[in-house]
1. Within the range 8-31, find all residues whose amide N lies under 18 Å from a label point positioned 7 Å from the Cα of Val52 along Cα-to-beta-carbon.
2. List the lysines whose Cα lies under 21 Å from the Cα of Lys5, skipping any in the same chain that are fewer than 8 positions away.
3. Under the rule a/c < 1.5 gives rounded, and otherwise a/b versus b/c splits prolate from oblate, where does the range 1-64 land using the Cα gyration tensor?
4. How many percent of the accessible area of the chain is carbon or sulfur, using a 1.4 Å probe?
5. Which value in nm describes the separation of the simple spin-label points at Cys103 and Asp30, placed 7 Å from the Cα toward the beta carbon?
6. In degrees, nearest 10, range 0 to 90: what is the angle between the Cα axis of helix 4-16 and the longest Cα principal axis of the chain?
7. Roughly how tilted is helix 34-46, in degrees to the nearest 10 and between 0 and 90, from the longest Cα axis of the chain?
8. How much accessible area per residue does the chain have, counting only protein heavy atoms and a probe of 1.4 Å, in square angstrom?
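The values are calculated or read from the model by the stated rules, or taken from the named source; none is laboratory data. What you are looking at is a predicted structure, and each value in this text was computed from that prediction instead of being measured. Neighbour counts are summed over all protein chains in view; Cβ atoms, including those assigned to glycine, are modelled from backbone coordinates with ideal geometry. Areas reflect the complete protein model, heavy atoms only, side chains present, ligands, DNA and RNA absent. Shrake-Rupley method; radii C 1.70, N 1.55, O 1.52, S 1.80 Å.
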Amino acid sequence: HRGYKLKEIIKVYLQEKGYEIIDVGTKNFDRVDYPDFGFAVCEKIINKEAEVGMLFCGTGIGMSIVANKVKGIYCARITNVKEAKIAKEHNNANVIAMSGNICSFKAKKMVMKFLKEKLLDDEVYQERIDKIKKYEEK
């Protein structure tokens, strides 16, 4: 609920840019339990209904913890444009978590950077990602 306003701003912004949005909630400012929504977004990705996910809460911390409990989800809590870029380029993140307190102008730039970047074609980054996936299989 503390990320609701920013979620709505980003949703409209991305729709205006031509992106298809799947909004799993929340639908207002009423108190909710963020894990319910974090897991719902991650399930969309795991079930291949969505390519990437965006999570919004008061700080982004709780949502990132929730998302990273889901096998196959690699969530980065981002606070600036550089982190959004590196989340994708170096870590191949498929989900970002953001604080609802970030100004909408900055958040729009962060989201677009995340959506436009690709994993760098570099063995070092791929080796690290592979290590994470291998550990995840244990």
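1. 8-24
2. Excluding near neighbours in sequence, the set is Lys17, Lys27, Lys106, Lys108, Lys109, Lys113.
3. oblate
4. Ligands and nucleic acids excluded, carbon and sulfur reach 51 percent.
5. The answer from the label model is 3.3 nm.
6. 70
7. With both axes taken from Cα atoms, the answer is about 50 degrees.
8. Roughly 61 Å² per residue, with all protein chains present.
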